[in-house]
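Have a look at the structure below, then the notes.
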Amino acid sequence: MNFFIASPDFTLFIARTARIPRVISLLAIALFISLQSSAQSERILSGQVTDASNGEAIPFATVTLKKNLIGTITNEFGKFDLHIPAEITDDQLIVTLIGFQYMEFPLSSLTSPVSVKLSPVAIDMKEVLIKPQPPTYYITLAMRSLKSNYPSKPFETQSYYRENIKENENYLRGHEGVFKSYYPAFQDSSKNQHKLILFRKAETISELAFMKKERLKDEAKEKKKEAKAIKKGKAVPKKEVGEDSLKIGEVFGGPDNLLKMADLFRGADNFLDTTQFKNYTYSFAKSSSFNNAALMVIQFKSRGKVDHTREEGKIYIDIATNAIVKIESHGTYVIPTLVRPVLFVMGIGVENPKFVSSLEFQEINNLWYPKNMQYNLDMNVEKKRMFAANDNSNFKIFGFLTVNKLNTTSATAVPAAKRFKSDKKPEEQVYNDEQLNWSEINMIKR
């Protein structure tokens with residue numbers, strides 16, 4: 001916090017030299033105490049998580065407090081900043097990642113910077129399964145165990161969200177925000193409620209380069225319309241730089257898609273659906289661990305196109321409880337046959353977009369809650385021209401949402417008027433009733 005903190009000697013000096021009344025002196029001292037208290041209202045614990053076997057940085061490791069359920073994740077360099085309220089001293093810092101040893105430290109013993117070395121852990125499947133059933137048996141068992149493994153009572157989360165869209169390595173959009181989410185009943189058809197608390201976007205972004213010639217012609221026509229409208233005294237809406245990229249983000253990204261990823265009850269992926277098993281191949285992969293518990297790892301791969309998607313990935317299942325702990329997936333979206341002729345007529349070629357997605361849960365009191373949701377998209381688009389050079393653009397979208405606070409005991413609903421709507425601009429629906437500021441938020445360290 002950027003406060004100017006006066007020392008007690010300085011406060012006394014001002015009081016004496018100015019010969020101000022005693023009451024003002026007391027007020028000055030009270031102000032000093034107040035500012036000092038505010039400045040110490042939290043501590044920031046910084047550190048890095050590395051692989052003990054080779055010293056390499058570990059990205060996306062979970063760093064959290066055991067009792068207070070406050071946490072963050074490491075960035076691509078394994079570094080993190082964790083904002084901890086000053087009153088929290090009696091707690092344990094937990095550092096976890098699937099496939100690595102669980103680490104726990106007394107918070108009182110830690111000072112910045114913290115260096116955490118995680119050791120890889122592997123478990124022999126033969127030691128766990130004496131008579132293994134086919135992989136689909138365990139997926140079916142996991143889906144049947146959803147009600148016993150995931151919360152049935154309302155809970156709420158605070159999540160940090162970030163999304164970037166790039167064209168040929170130039171940023172078209174850079175958004176980040178903080179959501180409060182209320183889950184009235186994770187296991188039924190009730191809609192989850194989300195409120196955007198904080199939101200900001202990058203100040204410097206590039207203009208969309210793809211099909212710029214066509215847009216310039218359209219802009220010339222629009223200017224003529226605007227001129228006529230102005231003459232008639234009509235208001236003309238101003239178009240923001242980078243607004244063209246919104247359509248790309250709405251189709252493939254956006255916070256709404258990330259917020260829906262954790263919904264195994266109403267939006268489970270095809271490879272988890274027993275009626276879709278015939279469209280995939282399944283096999284056991286090398287087992288793993290999480291928080292010192294054994295995880296069964298099942299690989300899946302689509303036999304062909306399934307809902308215009310070819311994909312493969314891994315499902316991590318806790319052997320003791322049959323809970324789905326993590327799902328990793330990657331593949332390509334296949335452009336629908338009906339769409340291709342339309343693109344051909346427009347002279348546009350689209351290479352099947354490549355995607356990577358990840359969903360991870362966290363265990364609290366023997367129940368599993370959403371933790372991390374992530375997706376990446378890579379797409380090449382070409383505009384073909386008869387008598388000029390073609391336009392070629394590569395679009396990359398990265399989206400990430402991580403739960404940094406979890407409340408399992410006193411969740412409150414989001415008023416209908418303040419619920420986030422994906423069809424409206426984020427900046428127009430921010431409701432910071434909590435009076436939070438960015439310096440208090442546990443986000444991915446830049």
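Here are some notes:
- Filtered residue count, region 398-446, keeping only those that are assigned by TED's automatic domain parsing to the domain that holds residue 259, in contact (Cβ under 8 Å) with a residue 12 or more places away in the chain and of a type in the set (Lys, Arg): 3
A quick yes/no check of all residues on (1) modelled with pLDDT of 80 or more; (2) out of contact with any Lys or Arg (no Cβ under 9 Å at 6 or more places or on another chain); (3) not assigned by TED's automatic domain parsing to the domain that holds residue 193:
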{"residue": "266", "(1), (2), (3)": "no, no, no"}
{"residue": "278", "(1), (2), (3)": "yes, no, no"}
{"residue": "293", "(1), (2), (3)": "yes, yes, no"}
{"residue": "298", "(1), (2), (3)": "yes, no, no"}
{"residue": "302", "(1), (2), (3)": "yes, no, no"}
{"residue": "305", "(1), (2), (3)": "yes, yes, no"}
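- Whether a residue is in contact (Cβ under 8 Å) with a residue 24 or more places away in the chain and either out of contact with any Gly (no Cβ under 9 Å at 6 or more places or on another chain) or surrounded by fewer than 18 Cβ atoms within 10 Å (Cβ to Cβ) (or both) was assessed, and residue 349 passes this test.
- Filter pass, residue 338 being part of a loop (DSSP other than H, G, I, E, B), among the hydrophobic types (A, V, I, L, M, F, W, C) and at pLDDT 80 or above: yes
- Residue check, residue 335 on the phi < 0 side of the Ramachandran plot and in contact with a Leu (Cβ under 9 Å, 6 or more places away or on another chain): yes
- The strands (runs of 3 or more DSSP E) located wholly in region 44-97 include none with 2 or more residues which are among the hydrophobic types (A, V, I, L, M, F, W, C) and assigned by TED's automatic domain parsing to the domain that holds residue 409.
- Meets criteria (at pLDDT below 85 and either hydroxyl-bearing (Ser, Thr, Tyr) or closer than 19 Å to residue 393 by Cβ (or both)) for residue 216: yes
- Condition check for residue 142: more than 24 Å from the chain's Cα centre (by Cα) and either surrounded by fewer than 14 Cβ atoms within 10 Å (Cβ to Cβ) or modelled with pLDDT under 85 (or both): no
- Selection within region 52-80 - buried (at least 20 other Cβ atoms within 10 Å of the Cβ) and not hydrophobic (A, V, I, L, M, F, W, C): 62, 64, 71, 72, 74, 78
- Being among the small types (Gly, Ala, Ser), modelled with pLDDT of 95 or more and out of contact with any helix residue (DSSP H, G or I) (no Cβ under 9 Å at 6 or more places or on another chain) is true of residue 115.
- Scan of region 407-446 for residues that are among the β-branched types (Val, Ile, Thr) and surrounded by 14 or more Cβ atoms within 10 Å (Cβ to Cβ), ordered by number: 408, 414, 430, 441, 444
- Residue ID - nearest to residue 379 (Cα to Cα), chosen from residues in region 167-213 that are of a type in the set (D, E, K, R) and either crowded, with 19+ Cβ neighbours inside 10 Å or not assigned by TED's automatic domain parsing to the domain that holds residue 255 (or both): 167
- Residues of region 290-326 classified as out of contact with any strand residue (DSSP E or B) (no Cβ under 7 Å at 6 or more places or on another chain), among the aliphatic types (A, V, I, L, M) and either surrounded by fewer than 16 Cβ atoms within 10 Å (Cβ to Cβ) or without any contact (Cβ under 8 Å) to a residue 60 or more places away in the chain (or both), total: 1
The values are calculated or read from the model by the stated rules, or taken from the named source; none is laboratory data. Fair warning: this is a prediction, and the values are worked out from it, not measured in the lab. Here the Cβ is made from the backbone with ideal geometry for all residues, glycine too, and neighbour counts use every protein chain on show.
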